[in-house]
Amino acid sequence: TIFTSFLAAIAAISLVVGGIGIMNIMLVSVIERTREIGIRKALGATPKTIRGQFLVEAITLTLFGGIIGIIFGGFVSYVIVNAAGWALTFSWTAVVLALGFSTLVGVFFGWYPAMKASKLDPIAALSYE
């Protein structure tokens, strides 16, 4: 029980740190693409559309990170299991849960940058340099 709690705490800390990294990347993306956002809004894009674009980007980023983590974890598990002579069991449930949490982290930490992008004033965004 203690070992499981310890692993859960490490996983939670890793998700928070990764989420903060995603949020920082997305905030930089919003700043770098301010003129693009202004052009899209001037052409009639709604805040919901802008918000959706940045949420999809955050989710895509976290899903790719999750897939890379699953592949890396599977490889390391395979090496350890072969070195120790144990039997390897694969769980699709764990893969689906990992990708699900990855998506939730993308939505949770991508929401603020998406909201910030959707609330930009088109005139101020177009004159941003």
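The values are calculated or read from the model by the stated rules, or taken from the named source; none is laboratory data. Values in this document were obtained by computation on a predicted structure and should not be read as measured data. Cβ placement follows ideal geometry from the backbone for every residue including glycine, while neighbour counts extend to all protein chains displayed. The protein model used for the area step is the full one, side chains on, heavy atoms only, and it has no ligands, DNA or RNA in it. Shrake-Rupley method; radii C 1.70, N 1.55, O 1.52, S 1.80 Å.
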Out of the residues in region 32-47 that are under 30 Å from Gly100 (Cβ atoms) and of a type in the set (A, V, I, L, M, F, W, C), which is least open to solvent (accessible area, probe 1.4 Å)? Ile37
Considering region 85-115 alone, what residues qualify as being closer than 16 Å to Gly18 by Cα, hydroxyl-bearing (Ser, Thr, Tyr) and open to solvent by 50 Å² or more (accessible area, probe 1.4 Å)? Tyr112
What number of residues within region 1-30 satisfy the criterion of being among the hydrophobic types (A, V, I, L, M, F, W, C) and farther than 15 Å from Gly110 by Cβ? 11
State which residue pairs qualify: first residue closer than 16 Å to Ser14 by Cα and free of Cβ contacts under 8 Å to residues at least 60 places away in the same chain and inside region 66-82, second residue part of a helix (DSSP H, G or I) and of a type in the set (S, T, N, Q) in any location, beta carbons under 6 Å apart, and separation of 6 or more residues or different chains. Gly66/Ser102
Matching entry among Thr60, Thr4 (being over 26 Å from Pro113 (Cα atoms) and either open to solvent by 90 Å² or more (accessible area, probe 1.4 Å) or in contact (Cβ under 8 Å) with a residue 24 or more places away in the chain (or both)): Thr4
Select from region 87-129 the residues that are over 17 Å from Thr49 (Cβ atoms) and aromatic (Phe, Trp, Tyr) and write down the one among them that is modelled with the lowest pLDDT. Tyr128
(1) without any contact (Cβ under 8 Å) to a residue 60 or more places away in the chain; (2) surrounded by 12 or more Cβ atoms within 10 Å (Cβ to Cβ); (3) among the small types (Gly, Ala, Ser): which one isn't true of Ser118, the others all being true? (1)
Filter result for Asn82 (exposed (fewer than 14 other Cβ atoms within 10 Å of the Cβ) and at pLDDT 95 or above): no
